[in-house]
Every structure is written in structure tokens, then in C-alpha cells.
Amino acid sequence: MPRRILVVEDDSSIAQTLVLMLRTLPDVEVVRAYDGEEALKEWEQRPADIVLTDNHMRGMTGIELVKTLRERQCQQPMLMLTAYDSVQLQREAREVGVTELIAKPFFFDQLLERVQSFLEQAQSVAR
């Protein structure tokens with residue numbers, strides 16, 4: 001069964017780029033949600049192995065999404081992208097359980113390496 005990555009991004013061009021990039025990883029299914037509410041519905045239907053979310057979105061923020069998922073006992077890696085990095089956001093991200101905060105702009109190859117690393121870690125734990 002392919003590993004599942006949930007991409008939560010309300011900017012269509014960024015989301016499309018992320019989805020196309022992540023689909024280059026072997027044995028991966030990438031699902032996109034347009035906002036936090038849709039991401040929670042996707043999660044309830046079938047949890048993902050990794051969540052990659054933007055923070056600044058309409059409605060629910062990435063911080064609120066991660067907090068909600070953690071409250072539901074989700075242990076999977078949660079990576080959050082932000083164009084508005086700050087010490088306060090970094091602290092909030094740690095407090096709610098963001099696994100890694102990634103500031104925009106970022107290099108796609110570095111993001112792919114991080115995602116691949118988390119997928120490999122999850123696979124070795126599952127064995």
C-alpha cells in the first residue's frame with residue numbers, strides 16, 4: 001500500500017507544485033486539501049503518513065489544524081510551511097506538536113529529502 005501524504009494549502013499554484021513534486025517520491029499517494037476543515041475530513045476518511053500544511057490559510061490555520069490532529073491522538077509527522085516565520089510562531093508550533101517548521105522560500109530538493117526521511121523513519125518503526 002502506498003504511503004499517504006496530505007498536503008493542506010489554499011494557494012492553488014503552490015499546492016499544485018507541492019503535489020507534483022511529492023509524487024516523484026516512490027510508492028507515495030498525495031492528497032490535497034484546500035483548508036484545515038477539508039483536511040480534517042480527509043484525515044477521518046483515511047489518515048495520512050505525513051501532513052504537510054501551510055500555516056496561513058483561510059479559516060483554520062496550520063497551527064490550529066496540527067493542534068486538532070494532535071488532540072485526536074495523531075502521532076504522524078506534521079510539517080508546516082510558513083512565509084511568516086517568527087520566534088512566536090516557532091514557539092506555538094512546538095507547543096502544538098509541529099514536527100518541523102519550514103520557512104518559505106525553501107528549496108524543493110531539501111523539502112523532498114525531509115519528507116523522504118520522515119517516511120523512512122515511519123517505515124522502520126513499523127517493521
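The values are calculated or read from the model by the stated rules, or taken from the named source; none is laboratory data. The shown structure was predicted, so the numbers you read here are calculated from the model rather than taken from an experiment. For neighbour counting, all protein chains shown are included, and Cβ atoms are generated from backbone atoms with ideal geometry for every residue, glycine included.
Worth pointing out:
- Exactly one residue out of Ile63, Ile14 is closer than 15 Å to Leu111 by Cα and not aromatic (Phe, Trp, Tyr), and it is Ile14.
- For the stretch 86-105, the tally of residues that are of a type in the set (D, E, K, R) and within 15 Å of Thr53 (Cβ to Cβ) stands at 3.
Listed here are the residues, each with its yes/no results for (1) more than 18 Å from Asp35 (Cα to Cα); (2) among the aliphatic types (A, V, I, L, M); (3) touching a Lys or Arg at 6+ places or on another chain (Cβ under 7 Å).
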{"residue": "Glu64", "(1), (2), (3)": "no, no, no"}
{"residue": "Arg70", "(1), (2), (3)": "no, no, no"}
{"residue": "Asp85", "(1), (2), (3)": "yes, no, no"}
{"residue": "Gln88", "(1), (2), (3)": "yes, no, no"}
{"residue": "Glu92", "(1), (2), (3)": "yes, no, no"}
{"residue": "Val98", "(1), (2), (3)": "no, yes, no"}
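- Conditions (1) touching a strand residue (DSSP E or B) at 6+ places or on another chain (Cβ under 8 Å); (2) farther than 16 Å from Ala122 by Cα; number of the one not met by Ser12: (1)
- For the stretch 102-120, residues that are without any contact (Cβ under 8 Å) to a residue 40 or more places away in the chain and either in contact with a Lys or Arg (Cβ under 8 Å, 6 or more places away or on another chain) or not aromatic (Phe, Trp, Tyr) (or both) total 10.
- Residue match in the stretch 90-98 (condition: touching a residue at least 24 places away in the same chain (Cβ under 8 Å), part of a helix (DSSP H, G or I) and over 13 Å from the mean Cα position of the chain (by Cα)): yes
- If the condition is being at pLDDT 95 or above and either at positive phi or assigned to a strand (DSSP E or B) (or both), then the stretch 29-62 contributes Glu29, Val30, Val31, Arg32, Ala33, Ile50, Val51, Leu52, Thr53, Asp54.
- Scope the stretch 51-82; condition surrounded by fewer than 23 Cβ atoms within 10 Å (Cβ to Cβ), out of contact with any Asp or Glu (no Cβ under 8 Å at 6 or more places or on another chain) and not hydroxyl-bearing (Ser, Thr, Tyr); matching residues: His56, Glu64, Lys67, Arg70, Glu71, Arg72, Gln73, Cys74, Gln75
- Test: residue in the stretch 13-27 that is touching a helix residue (DSSP H, G or I) at 6+ places or on another chain (Cβ under 9 Å), assigned to a loop (DSSP other than H, G, I, E, B), buried (at least 20 other Cβ atoms within 10 Å of the Cβ) and at negative phi: no
- Residue match in the stretch 76-83 (condition: outside any loop (DSSP other than H, G, I, E, B), over 13 Å from the mean Cα position of the chain (by Cα) and not aliphatic (A, V, I, L, M)): no
- All positions within the stretch 47-69 that are out of contact with any helix residue (DSSP H, G or I) (no Cβ under 6 Å at 6 or more places or on another chain) and among the basic types (Lys, Arg): Arg58
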